[in-house]
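Here the structure is laid out as structure tokens; the discussion comes afterwards.
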Amino acid sequence: MTRAECLAAYGRGESLADLDLAWIDLAGAQLRGADLADTTLTAAHLEGVCLDDGNLERCFAAEAYLAGASLARVRGTGGFFQRARMARVVLVEAELCGADFGAAELAGADLSGAHLAGASLLDADLSGARLVGADLRGANLNGANLAGTDCSGADLRGCDFRKVNMRGARFTGAMTTGVLCYGVPPWGGEADGRDWHGLLPHPVDD
């Protein structure tokens, strides 16, 4: 499907679900509320696209280009975004439970209030991102870069935080019970409002 065909179908109110849109160029397109569930978006060019309130459930978007895109309140449960380029993407209040962002570039992204329970952020770059109030219960952040990230009020209970770079990150009011950090949690009970990244051991090999 070409860009013109895709935009025409969207304009007619048709679903774009379960299609092969690998490598398509939809940069800057207005696709608010579009249904892309189960769609293949491998290496698709979606820079600056507006997909607010859209459906990306179970989509396959490996190595997709989404820099500067707006995906506020998108439904992306079970989506596959490994190695996607998503710098400065807006994912405010997005439903992303169980999604895979392994090695994705999310520097400067806004994930405030996003639902990421059980998601994989293995080796992802979240430097300078906003995770304020995000739900990350049970998420895998092993090896992630959280330098300068704002995790204030985030629910991090049960997260895998091994090898995480937290230099300059903020965790005020975050819930941290059961966080795995080299097998030894460096705090007791719930977070007490301190920026506890300074309590964590220096990253070392497992």
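Would you mind classifying the chain by shape? Square roots of the alpha carbon gyration tensor eigenvalues, ordered a ≥ b ≥ c; an a/c under 1.5 is rounded, otherwise it is prolate if a/b is larger than b/c and oblate if not. Spell out each step's value before the answer.
Details: a/c = 2.48, a/b = 2.27, b/c = 1.09.
It is prolate, given that a/c is not under 1.5 and a/b is the larger ratio.
Note on segment 111-139 and segment 15-32: Cα centroid distance 25 Å, given to the nearest whole angstrom. Shape class for segment 106-182: rounded, because the ratio a/c of the largest to smallest gyration tensor axis (alpha-carbon atoms, square roots of eigenvalues) is under 1.5. Need one word for segment 1-71: rounded, prolate or oblate. Basis is the Cα gyration tensor (sqrt eigenvalues a ≥ b ≥ c); a/c below 1.5 gives rounded, then a/b vs b/c decides. The shape class here is rounded. About its Cα centre, the dipole of the chain is roughly 420 debye, where the only charges are +1 on Lys and Arg Cβ and -1 on Asp and Glu Cβ.
Quick note: the coordinates plus some simple rules give every number you see, no bench work behind them. Keep in mind it's a predicted model, so treat the numbers as computed, not measured. Counting neighbours? That spans all protein chains shown, and the Cβs are built from the backbone with ideal geometry, glycine included.
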